[in-house]
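Single-structure report; data block below.
The values are calculated or read from the model by the stated rules, or taken from the named source; none is laboratory data. Just so we're clear, the structure is a prediction, and the values are computed from it rather than from any experiment. Cβ: placed from backbone, ideal geometry, glycine included. Neighbour counts: every protein chain shown.
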Amino acid sequence: MSLLDAVIENGPLPPDSVSQAAKKRQSELLSDRLATAVASGLRAAGFPKVRPLPGGPGEREFQGGLGPKKVDVSYADEQNGLMLAVSIKSINFAPFGKNLKNRFSDLCTEAISLHMRFPYAVVCALFAFPSSADRDLTPGRPVSTFQRATRLFGTVSGRREYTDPGEKFENVTLMLYEPPSESGSAPFVRLVNTDTQAEMTEQEYYLMLRDLYNTRNPQATIGEEE
């Protein structure tokens, strides 16, 4: 399953007038499907037994420095514990900027908790927005929420050394997506690396995560010939 497959499978976004419970359920389903897609892409890139597994165990709970923490996508073993994590988050309904700072704070706390317990772990985040979050301009706000988010999350992306601040992620990538709609607009997915503010393909995304892991673990690289 690709990220685009996950978006298509999740279906059209319901109108903003639906209940908060319905919005929450739609967002949870999207996160679950995106996690499945990311795990599949990482397994194809050479990471064995990345969870969630098809038809098997899903998110995994780890004892972080600030208490138990469930990780959406994880690569771990008994000897080393958590080695690679990808947290999946999204804001799918307007007003998109309302909860942006809260989500930012939540993610920083998550990175701190995991890095306190696993300082060598490559901890990443994938944050999704619908395409309308890149069009919510007003006369008093000439920058879209998606553009603001790429800059904001860029401040906590790029943790290169295991001694760097724990609240930073090894990488934060933003995903802009067009959901299926009755109007017939074609679904799409765009990925933006907040380290560079540049777009990348889904394949480039998984290879980037693999490169980050291999740089941190030169003694046990993934996907490279002996």
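Put simply, of 40, 31, 2 the only residue that is over 16 Å from residue 89 (Cβ atoms), surrounded by 15 or more Cβ atoms within 10 Å (Cβ to Cβ), of a type in the set (S, T, N, Q) and under 19 Å from the mean Cα position of the chain (by Cα) is 40. In the set (1) within 19 Å of residue 59 (Cα to Cα); (2) at pLDDT 95 or above, residue 80 fails one condition alone, (2). Taken over segment 52-74, the criterion of being more than 18 Å from residue 117 (Cα to Cα) and free of Cβ contacts under 8 Å to residues at least 24 places away in the same chain is satisfied by 52, 53, 54, 55, 56, 57.
Among the residues examined, residue 118 does not qualify as more than 28 Å from residue 217 (Cα to Cα) and either surrounded by 18 or more Cβ atoms within 10 Å (Cβ to Cβ) or among the aliphatic types (A, V, I, L, M) (or both). Name the residue that is nearest to residue 159 (Cα to Cα), counting only residues in segment 49-103 that are outside any strand (DSSP E or B) and among the aromatic types (Phe, Trp, Tyr). The qualifying residue nearest to residue 159 (Cα to Cα) is 96. Inside segment 193-226, can you point out the residues that are aliphatic (A, V, I, L, M), in a loop (DSSP other than H, G, I, E, B) and either without any contact (Cβ under 8 Å) to a residue 24 or more places away in the chain or in contact with a Ser or Thr (Cβ under 9 Å, 6 or more places away or on another chain) (or both)? Listed by number, the list holds a single entry, 220. Being free of Cβ contacts under 8 Å to residues at least 24 places away in the same chain and either surrounded by 19 or more Cβ atoms within 10 Å (Cβ to Cβ) or among the hydroxyl-bearing types (Ser, Thr, Tyr) (or both) is a property that does not hold for residue 145.
Residues are listed down the side, and each one gets a yes or a no for (1) surrounded by fewer than 17 Cβ atoms within 10 Å (Cβ to Cβ); (2) over 16 Å from the mean Cα position of the chain (by Cα); (3) in a loop (DSSP other than H, G, I, E, B):
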| position | (1), (2), (3) |
| --- | --- |
| 151 | yes, no, no |
| 160 | yes, yes, yes |
| 172 | no, no, no |
| 182 | yes, yes, yes |
| 191 | no, no, no |
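Within segment 5-28, residues that are free of Cβ contacts under 8 Å to residues at least 60 places away in the same chain and assigned to a helix (DSSP H, G or I) reach partners that are basic (Lys, Arg) and surrounded by 11 or more Cβ atoms within 10 Å (Cβ to Cβ) with beta carbons closer than 6 Å, at six or more positions or on different chains, in the pairs 6/33; 9/33. If you check 93, 47 for being closer than 17 Å to residue 179 by Cα, of a type in the set (Phe, Trp, Tyr) and crowded, with 20+ Cβ neighbours inside 10 Å, only one passes: 93.
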